[in-house]
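Reviewing the structure listed below.
The values are calculated or read from the model by the stated rules, or taken from the named source; none is laboratory data. Only a predicted model underlies this, so the values are computations on that prediction, with no experimental measurement involved. Don't worry about glycine lacking a Cβ; one is built from the backbone with ideal geometry, like all the others, and counts go over all protein chains shown. For accessibility, only protein heavy atoms count, side chains too; no ligands or nucleic acids. Shrake-Rupley method; radii C 1.70, N 1.55, O 1.52, S 1.80 Å.
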Amino acid sequence: MFTIKSEIQFDMAHYLSGYNGKCSNIHGHRYKLIAKLKAETLHLEGQLRGMVDDFSNFKDALKEIGDIFDHKLIIEDNSEGKALAKKIEELPNNFDIYFVNYRPTAEEMSRDIFNRLKVQGLAVCEVELFETPKNSCIYTED
């Protein structure tokens, strides 16, 4: 089995609707995303001969995903999230809000990122998303 990995980082704020505690405020993190692709055999011919995949394609896919979240406020697309976004939009600043259909935890985000890579046709086997330097979530389909 061959496994290749690549990583990116992005800055993002999120709001955890329905959460009580220190992280109930809007807050941000410097996320580190490490993704892995796997293959039992390497490509036998063409541009990808001897490779699991082209690192350039892999890095481009990660960058595209990172750009979705980078420097945005991620809010769950529910009634609480919509109400918060409406209040934020009344402020004079131009906040960039991105809605997701889940509570934006490291766990849910790692699964979302995994699926985004899979949809792009990459042989993703693992996504690890670090919310802090010491706390991460690993998502696989195993």
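Below is a table of values for the structure above.
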{"item": "GNM flexibility winner over the chain from K82, K36, K22 (Cα, springs under 10 Å)", "result": "K22"}
{"item": "10 Å-binned pair-distance histogram of region 2-140 (Cα, whole percent)", "result": "11, 39, 29, 14, 6, 1"}
{"item": "Cβ-derived FRET efficiency at R0 35 Å, K87 paired with S56, nearest 0.05", "result": "0.25"}
{"item": "Total formal charge among the other residues, if their Cβ is under 11 angstrom from that of H43, Lys/Arg +1 and Asp/Glu -1", "result": "-2"}
{"item": "Members of K5/K118; K82/K118; K59/K82; K22/K86; K32/K59; K63/K118 lying beyond 21 Å, as alpha-carbon distances in this model show", "result": "K82/K118; K59/K82; K22/K86"}
{"item": "Fraction of accessible area attributable to carbon and sulfur, region 2-140 (%, probe 1.4 Å)", "result": "48 percent"}
{"item": "Centre separation in Å (Cα based) which lies between region 1-15 and region 64-142", "result": "12 Å"}
{"item": "Share, in percent, of DSSP beta bridges within the chain that are antiparallel, nearest 5", "result": "75 percent"}
{"item": "5 angstrom amide H check on F2, placed H, neighbours 5+ away", "result": "A39, E40"}
{"item": "Probe 1.4 Å, accessible area per residue of the chain, Å²", "result": "61 Å²"}
{"item": "With at most 14 other Cβ atoms within 10 Å, longest stretch of the chain clear of loop chymotrypsin sites (Phe, Trp or Tyr not before Pro) (DSSP)", "result": "20-94"}
